[in-house]
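What follows is calculated from the coordinates using simple rules that are stated; it is not laboratory data. All figures in this text were calculated on a predicted structure; none of them were measured in a lab. With ideal geometry, Cβ positions are generated from the backbone for all residues, glycine too; neighbour counts draw on all protein chains shown.
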Amino acid sequence: MERAIEAIGEEMARSRIMYSGEGGHMLTFPVAHGKTMNVVAFHHDPQEWESEQLVVPTTHAEARRDFADWGHNVRAIIDLLQGDLDKWGIFDLGDNPLSNFNKGRVCVAGDAAHATGPHHGAGAGFCIEDSAVLAELLQVAWVNLQSGRTRKAKAEVLESVLQVFDSTRRERTQWLVSSSRISADLYEWMDEACGRDPRKIKEELLWRNHKIWNIDIEDITRASNRELGDMI
Ligand SMILES: Cc1cc2nc3c(=O)[nH]c(=O)nc-3n(C[C@H](O)[C@H](O)[C@H](O)COP(=O)(O)OP(=O)(O)OC[C@H]3O[C@@H](n4cnc5c(N)ncnc54)[C@H](O)[C@@H]3O)c2cc1C
């Protein structure tokens, strides 16, 4: 952080900043109680990812080359990077969306169901939403079975739980995967409709982020619990 402050000034070094540009973006924010500035730099590369590994070593020269025509701060930050650098391939399930999260008495949740790119910073949040819905549904099933309110067999009730889980979660989580891709295009001035117009980019990002942030998970679980109640 001390070196970052020297290079780009206190305000920029200590704030959470996204530098946006054609075919790339860079995020910086303070971590470790402000002692370190964390840096993630994204560079759009239309070439196929050649390695079997998702994380491969890269060089300072490659990082400098990818951001050579950026402004002072970004180039200065790249120059500050120390030690070995890694390059991460960004993959998601966008090209292969699952047609169902459930099959009989088995289901997938979290990244296994809807692995997303990182551009909304919401992958783990959506896994937690999945868990909340699933836990509530299982509890409703348990209460109904224990109390004799349902005459259905446990296996059949469980299948219904997972069916409601799928119908509650699939659309929202698969939307996140595609929205994360669109957000990367917005950050990198590659979105056809918004181009490099900051007002349009902001509007587009705002509603997308609000859709992620402004949900009431209790409302969602109440609705899915009702749906399950009607089925069992
Ligand atoms: C670098 C990075 C930064 C991220 N930043 C954010 C962020 O800021 N905000 C956010 O919301 N999300 C973020 N995410 C996404 C988030 O980490 C994931 O969405 C979340 O961890 C997925 O949780 P999960 O439990 O579904 O899967 P995982 O966390 O992948 O857990 C799956 C577990 O299953 C284990 N496992 C796999 N196969 C087997 C097996 N056969 N037997 C037993 N165990 C097995 C694995 O070892 C692992 O522990 C980030 C991800 C990465 C990689």
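Consider the range 52-89 and keep the residues that are in a loop (DSSP other than H, G, I, E, B), touching a helix residue (DSSP H, G or I) at 6+ places or on another chain (Cβ under 8 Å) and aliphatic (A, V, I, L, M). The one that is surrounded by the most Cβ atoms within 10 Å (Cβ to Cβ) is Leu81. Among the residues of the range 137-148, those that are more than 23 Å from Ala115 (Cβ to Cβ) and in contact (Cβ under 8 Å) with a residue 40 or more places away in the chain comprise Val140, Ala141, Asn144. For the range 83-133, taking the residues that are within 9 Å of the ligand (Cβ to nearest atom) and hydroxyl-bearing (Ser, Thr, Tyr), the one that is nearest to the chain's Cα centre (by Cα) is identified as Thr116.
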